[in-house]
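See below for the structure under consideration.
Values quoted throughout were computed directly from the atomic coordinates according to the rules given, and no laboratory measurement underlies them. What you see is a predicted model, and the numbers here were worked out from it, not measured in a lab. For neighbour counting, all protein chains shown are included, and Cβ atoms are generated from backbone atoms with ideal geometry for every residue, glycine included.
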Amino acid sequence: MRPGNITAGASKLQHDLKALRAQWDRSREEWDDPVSRDFETKQLVPLEQAVAQALHGIDDLQQFLARMIREIGPSE
């Protein structure tokens, strides 16, 4: 396994979440009522928080794998 593969997946996850947020913000221009605010509070915000935690974990894992590869060398 190469650490770059993890980084690419994390980048895509981050990009897709930003795209989701941008689309949601555009939707809110037309749909701003208690239901939309409830959706944002109960669904979107927790998703953003979970993704932020996942990205932090992915970064930690990438650093760990990179260190292991430096210490023991790449597998063939």
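Here the convex hull built on the C-alpha positions of the chain has a volume of 67 cubic angstrom per residue.
Mean residue ellipticity at 222 nm from the helices of the chain, using -39,500 (n - 2.57) per DSSP H segment of n ≥ 4 over the full residue count, to the nearest 500 deg cm²/dmol?
-27000 deg cm²/dmol
Length gained on full extension, ASP32 to HIS15, computed as 0.36 nm times the residue gap minus the Cα-Cα distance: 3.6 nm.
For the stretch 1-75, GluC sites (Glu not before Pro) meeting the loop criterion (DSSP other than H, G, I, E, B) and having at most 13 other Cβ atoms within 10 Å: GLU29, GLU30. For the chain, the longest principal axis of the alpha carbon atoms and the long axis of helix 45-72 meet at an angle near 10°. With R₀ set to 25 Å, the beta-carbon distance separating LEU44 from ALA66 gives a calculated FRET efficiency near 0.15. For the chain, the longest principal axis of the alpha carbon atoms and the long axis of helix 3-28 meet at an angle near 10°.
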